[in-house]
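Enquirer: Before anything else, here's the structure in question.
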Amino acid sequence: MFIKIAREKNPLIHHITNYVTANDCANVTIAMGASAAMADFYEEQTDFAKISSALVLNTGTINQLVANSMLKAIKEYTLLNKPIVFDPVALGVSKARDGINFELLNLKGISIVKANASEIASVIGLDGKARGVDSTFVINDEFLEKARKYTQKTKRILAITGKIDYIISQKQIAKVYNGSIMATKITGAGCMCASLCGVFAGAIEDKFQASLCALLSFGIASEIAQESSSGSASFRVNLIDALSNLNDEEVKKRAKYEII
Amino acid sequence: MFIKIAREKNPLIHHITNYVTANDCANVTIAMGASAAMADFYEEQTDFAKISSALVLNTGTINQLVANSMLKAIKEYTLLNKPIVFDPVALGVSKARDGINFELLNLKGISIVKANASEIASVIGLDGKARGVDSTFVINDEFLEKARKYTQKTKRILAITGKIDYIISQKQIAKVYNGSIMATKITGAGCMCASLCGVFAGAIEDKFQASLCALLSFGIASEIAQESSSGSASFRVNLIDALSNLNDEEVKKRAKYEII
Amino acid sequence: MFIKIAREKNPLIHHITNYVTANDCANVTIAMGASAAMADFYEEQTDFAKISSALVLNTGTINQLVANSMLKAIKEYTLLNKPIVFDPVALGVSKARDGINFELLNLKGISIVKANASEIASVIGLDGKARGVDSTFVINDEFLEKARKYTQKTKRILAITGKIDYIISQKQIAKVYNGSIMATKITGAGCMCASLCGVFAGAIEDKFQASLCALLSFGIASEIAQESSSGSASFRVNLIDALSNLNDEEVKKRAKYEII
């Protein structure tokens, strides 16, 4: 795993994200050994692209103004060949949201699409049955087939969070069994996963491994957090604590995943 | 009480709210068994109204852009006859704030106005003596008389937070004695109460009972939280923990209120 | 120290700040005994200036719209001769950010500039070597010389956070040795310091003493918090808890600083 590398490299992870979970996203980024810059002003995108190691985009509280900044940022990071993580929150819920998300998704340069199964279903052309930010979609063979084709066409990694997480590349599928039901009782679990994808994509070359490490770290930290939590808010505190203490040895010891 | 119903129905509670406490609002909504959607983009209001069970509006960090989205949302939810909770934060503090709030309050469709006594005083036409977000107004007979008339004219519920909470309908007044002074030591206590009103208004028909259940839940969770808190921040964690663990039996056992 | 005075006076501290750490800023403001108003709407600046005791400006997620509100607010507070704390987050990182920050810094009326060494270096005309929100600048004699000249020219206090904090006025330099490395593992430590500067500047006349009290309080609360923290998130909870419990006796007992 790559936690030691992330902590040593201390990559700067630039976010354009929602105002609901921005604090959590910054805190998990720092907890994992990276630095966080949250800058959504259009005029700053060129300069932030120069100094950052990865870009994390999250459309949770998207509007046209923020979308314009994301558009600009994607172009800048693509020019510099730097990794971009895209989190299409609540895709499929509204026409306006879908319009903005697909305009962004249609641009080259996005490296990792991190989302739940409903949202990824929409991304790859299925009906995601989306209802707000929660996923109701069950991953099946048709989904995996379509997802694989999407990765082949776009060269992107799909990082799909759920009871079982899936990381899908052109060549491999990883299934991650670590995690806690408590992560569904707080806002921002998915957003934090995207930030972790950004941290590792900013620290190592291989985006499949980066995504796998991110979701393993989150799943394992969730398990550690659950052990000593008294409810949803202490779970969140314990989760970020666990991420801030996590190391590669712990991840190797606790990891439950397979690559198929 | 209606916690079991809320947890079973899992209503989607759509918020247009401030960026200061949006995270807390989402987390208490989820803790109470509902789902949270925080979407303030004008172009999305029609679609979110279709899939949500209730709308919570909070004018904490209001500006004209967000106000336009609230205006649109109120119209959409009213057309669909879905409940709307309105939290006129810091009403009476600035002319611009009052202008926007009263433009929204003058629309039909709002079901519950949740606020502190200063803010409600402004709503019903008294001088609220507002100073920022804190209330300095003491509830008296004139206030209760005016408040009752307001509910008769508008068919709205007034849910008034304070040392003693008041829930006022056309026919009834409930006084809730549960609560903790610690709730005044954190930002967002009032905002969270509005979210809880949204959760129960999204789960049951009777808006008076929904508001009563919301303020009882918050008051009782505050008492539970206070018992094990070491300061204001651990109080906040414990409060959300307590909400995430709360059930109807606990509420019945601890509830201190009267209906007059 | 001035904690008792702050708790007794309960000054209203008006913030125009970023959406990432606004919740933390409000909570530390309240924890220290003040009240917090977070209002960035242009049309409200005149009214909020009238009722507030101090203004805290933080350019973390700045854009042109928010900058306009800050401009308006500075003018209003200056007219009323009320203190203004300015936190030029990530100054030196982008041209757009620098443009906005210096336009604001060039206005009269700012009382305290609170920032890390990289940011202050930019403020006083040195190369801050800025990289995102983190400081890489080491304070040296040239820096101190330039800083002193800046305070003489502008009559401002410089409150510089770091491993050692510096508070610089025209006549004095204070060095604060209290603090914890854990404060670098969370987002918003600097923002919270600015809020505390606002609290004390809103409570007492002497802005040098106000800044010193703010950074001592933050440093000492950090030390108390570290003792019982299991990671970065519990540190944040413990930090705000400690601030909410802090008193002048504790500060006097634990304070490690010198005035040179």
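Readers should treat all values here as calculations from the given coordinates under stated rules, not as data from a laboratory. Predicted model, so just to flag it, every value in this text is computed and none were measured. Because the Cβ atoms are built from the backbone with ideal geometry, glycine has one as well, and the counts that use them run over all protein chains shown.
Enquirer: Below 8 Å, C-alpha to C-alpha, sequence gap of six or more: please give me the relative contact order for the range B:2-259 in percent.
Expert: Working: 536 pairs, mean separation 52.4, N = 258.
Relative contact order comes out at 20 percent.
Enquirer: Then there's this: Go through the range B:18-33 residue by residue and turn each phi into a ³J(HN,Hα) via Karplus (6.51, -1.76, 1.60, θ = phi - 60°); whole Hz please, and just put x for glycine and proline.
Expert: For the range B:18-33, the Karplus-derived couplings read 7, 7, 7, 10, 4, 5, 4, 4, 5, 5, 6, 4, 5, 4, 8, x Hz, x marking Gly and Pro.
Enquirer: If you don't mind, there's one more thing I want to ask. Shortest first and in nm to one decimal, what separations exist between B:Lys149 and its copies in the other chains, measuring from label points 7 Å along the Cα-to-beta-carbon line?
Expert: When each copy's label point is compared with this one, the spacings are 6.8, 6.8 nm.
Enquirer: Scan chain B and report its longest stretch carrying no trypsin sites (Lys or Arg not before Pro) that are both in a DSSP loop and have at most 15 other Cβ atoms within 10 Å.
Expert: B:1-107
Enquirer: Using every alpha carbon pair in the range B:160-245, what percent of pairs falls into each 10 Å bin from 0 up to the bin containing the largest distance?
Expert: 19, 51, 25, 5, 0
Enquirer: A further question follows. Mind checking the alpha-carbon convex hull of the range C:48-103 and giving the volume per residue in Å³?
Expert: About 72 Å³ per residue, rounded to a whole number.
Enquirer: While we're looking at this one, here's another question. Can you work out the base-10 log of I(q)/I(0) for the protein assembly as shown at q = 0.06, 0.09, 0.10, 0.11 1/Å, using the Debye formula on its C-alpha atoms alone?
Expert: -0.34, -0.79, -0.99, -1.22
Enquirer: Give the cross-link partners of A:Lys95 among the aspartates and glutamates, using a straight C-alpha distance below 19 Å as the criterion and excluding same-chain residues fewer than 8 apart.
Expert: A:Asp87, A:Glu103, A:Glu119, A:Asp127, A:Asp134, B:Asp40, B:Glu43, B:Glu44, B:Asp47, B:Glu76
Enquirer: I would also like to ask the following. Each residue of the range B:229-245 in order: what ³J(HN,Hα) in whole Hz does its phi give by Karplus 6.51 cos²θ - 1.76 cosθ + 1.60, θ = phi - 60°, with x for Gly and Pro?
Expert: Using θ = phi - 60°, the values come out as 9, 9, x, 6, 6, 5, 4, 4, 4, 5, 4, 5, 4, 4, 4, 5, 9 Hz.
Enquirer: Name the long-range amide H neighbours of C:Ala39: under 5 Å, sequence gap of 5 or more, or other chain; modelled H, no Pro or chain starts.
Expert: Correct list: C:His15.
Enquirer: State, to one decimal in nm and shortest first, how far the label point of A:Lys175 sits from each corresponding label point in the other identical copies (label point: 7 angstrom along Cα-to-Cβ).
Expert: 6.1, 6.1
Enquirer: Same structure again: Report, ordered by chain and residue number, the aspartates and glutamates lying within cross-link reach of A:Lys252, taken as a straight Cα distance under 15 Å and ignoring same-chain residues fewer than 8 apart.
Expert: Hits, sequence-local ones excluded: A:Glu223.
Enquirer: DSSP beta bridges in the range B:2-259, what fraction antiparallel, as a percent rounded to 5?
Expert: 35 percent
Enquirer: Net charge around A:Ile168, counting only other residues with Cβ within less than 15 Å of its Cβ (Lys, Arg = +1; Asp, Glu = -1)?
Expert: On the way: positive: A:Lys114, A:Lys146, A:Arg148, A:Lys149, A:Lys153, A:Lys155, A:Arg156, A:Lys171, A:Lys175, A:Lys207; negative: A:Glu119, A:Asp141, A:Glu142, A:Glu145, A:Asp165, A:Asp206, A:Glu258.
Neighbour charge sum, excluding A:Ile168 itself: +3.
Enquirer: Which of rounded, prolate or oblate describes the range B:96-159 when judged by the alpha-carbon gyration tensor and an a/c cut-off of 1.5?
Expert: oblate
Enquirer: What ³J(HN,Hα) values, in whole Hz, does the Karplus curve 6.51 cos²θ - 1.76 cosθ + 1.60 give for the range C:43-58 when θ = phi - 60°, with x put for Gly and Pro?
Expert: Karplus-based 3J(HN,Hα) across the range C:43-58 equals 5, 9, 5, 4, 5, 5, 4, 5, 9, 9, 9, 7, 10, 10, 10, 9 Hz.
Enquirer: Helix-only mean residue ellipticity at 222 nm, chain A, DSSP H runs n ≥ 4 weighted -39,500 (n - 2.57), per residue, nearest 500. What is it?
Expert: -15000 deg cm²/dmol
Enquirer: For B:88-101, what's the mean count of beta carbons from other chains sitting within 10 Å of each residue's beta carbon?
Expert: Taking the mean over all residues of the peptide, I get 4.
Enquirer: Let me ask something additional. Can you give the net charge of the other residues whose Cβ lies under 15 Å from the Cβ of C:Lys95, counting K and R as +1 and D and E as -1? Let's see the in-between values first.
Expert: Working: positive: A:Lys50, A:Lys72, C:Arg97; negative: A:Glu43, A:Glu44, A:Asp47, A:Glu76, C:Asp98, C:Glu103, C:Asp127.
It works out to a net charge of -4.
Enquirer: Looking for one value pair here: nearest-to-axis residue in chain C (by Cβ) for the rotation onto B, and the distance in whole angstrom.
Expert: Looking at chain C's Cβ atoms against the axis toward B, the nearest is C:Tyr19, 2.
Enquirer: Let me ask something else about it. Looking at the protein assembly as shown only, what percent of DSSP beta bridges run antiparallel? Nearest 5 please.
Expert: Approximately 35 percent, going by the DSSP bridge assignments.
Enquirer: 7 Å along Cα→Cβ for the label point: how many nanometres lie between A:Tyr257 and each equivalent label in the other copies, listed shortest first?
Expert: Reported distances to equivalent positions: 4.7, 4.8 nm.
Enquirer: C:Lys185: which lysines have alpha carbons under 21 Å from its alpha carbon, excluding same-chain residues fewer than 8 sequence positions away?
Expert: A:Lys4, A:Lys9, C:Lys114, C:Lys129, C:Lys163
Enquirer: Comparing A:Ala203, A:Ala49, A:Ala233, which has the greatest mean-square fluctuation in the GNM of chain A with Cα pairs linked when under 10 Å apart?
Expert: A:Ala233
Enquirer: Long-range amide H contacts for C:Ile157: which residues qualify at under 5 Å (H placed 1.01 Å from N, peptide plane, sequence gap of 5 or more or a different chain)?
Expert: Close amide H contacts, sequence-distant or interchain: C:Ile112, C:Val113.
Enquirer: To continue, here is another question. Around C:His14, with a cut-off of 11 angstrom between Cβ atoms, what is the net charge of the other residues, counting Lys and Arg +1 and Asp and Glu -1?
Expert: Its environment carries a net charge of -2.
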